[in-house]
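One structure below.
Rule-based calculations on the coordinates, nothing more; no lab input. Note that the structure is predicted; figures quoted are calculated from it, not measured. For neighbour counting, all protein chains shown are included, and Cβ atoms are generated from backbone atoms with ideal geometry for every residue, glycine included.
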Amino acid sequence: MPGLGVRAIAAVSGPYDFPAAVTDALAGNVKNSVAYLGYAVTSWQRLHHLYDDPAKVFQKPELAALFDGHTPPQEMFPKLPGRLDEFFTPEFLDRLRNPEPALRAILAREGTSCQWRPRVPVTLFAATGDQDVAFRHSETCSRQSGAPVVNLGGVSHNSSARLAAVQTVADFARFSR
């Protein structure tokens, strides 16, 4: 849109160190890891063609269709199994744990978002109580980008988004003048 430009960026609790996020999920350290890795894998399939047959990746291949970008979480989550070993095949889990060069390159590329250097102020918001995305991802991004991290405390992932939104609106008001 003409006249509309970016004046500031606020990022909230992102898995910026994506290879570490996958490792965390595989180790069982991420709440909702089935949904997060399911989304990542189906997205990579669209971009990089990771597999020829969904049955080689998913225990129930029909579940991959839930990650179409249109299925709301309240419909998706009840249909997903609770553990990665109930969702992915053992062979695919092994592939994630020991990625071949092509998959390793995809993971490495996914972890470069904090190397971007916008010419506007960037603030990272994260919560030490977030069980979906570890606080250290924002710390890693801060080291790579120089952006400050605002610690929202011991709240959940969703609560951190709400707290960050309130602070972001106030912060952005300063840039709109």
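Numerical summary
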quantity: Fluctuation leader among ARG97, ARG143, ARG119 - the chain, Gaussian network, Cα springs under 10 angstrom; calculated: ARG119
quantity: Mean Cα-pair separation over length for the range 19-110, i.e. relative contact order, pairs under 8 Å, 6 or more apart, %; calculated: 36 percent
quantity: Pairwise label distance in nanometres, GLU86 with ARG117, each label 7 Å out on the Cα-Cβ vector; calculated: 4.8 nm
quantity: Antiparallel bridges, percent of DSSP beta bridges restricted to the chain (to nearest 5); calculated: 10 percent
quantity: The chain: DSSP helices with Cα axial extent of at least 15 Å and average Kyte-Doolittle hydropathy no lower than -1.0; calculated: 33-48, 157-175
quantity: Average projected area [Cα convex hull, the chain], square nanometres; calculated: 11.7 nm²
quantity: Cβ-defined net charge surrounding ASP132, 12 Å radius [Lys, Arg +1; Asp, Glu -1]; calculated: -1
quantity: Inter-label distance, nm, simple model (7 Å from Cα along the C-beta direction), VAL169/ARG104; calculated: 4.7 nm
quantity: Cβ crowding within 10 Å averaged over residues, with 74-86, 34-46, 121-133 ranked highest first; calculated: 121-133, 34-46, 74-86
quantity: Förster radius 30 Å - calculated FRET efficiency between GLN59 and SER156 (Cβ-Cβ, nearest 0.05); calculated: 0.60
quantity: Value of [θ]222 nm, deg cm²/dmol, for the chain, DSSP H segments ≥ 4, -39500 (n - 2.57) each, nearest 500; calculated: -13500 deg cm²/dmol
quantity: The range 15-87: C-alpha gyration tensor shape, a/c 1.5 cut-off, then a/b vs b/c; calculated: rounded
quantity: Cβ-based exposure ranking for ILE106, ILE9, in which fewest neighbours within 10 Å come first; calculated: ILE9, ILE106
quantity: Long-range Cα-Cα pairs in the range 44-121 (distance over 20 Å), rounded percent; calculated: 47 percent
quantity: Cβ-Cβ FRET estimate between HIS48 and ARG7, R0 fixed at 35 Å, reported to 0.05; calculated: 0.55
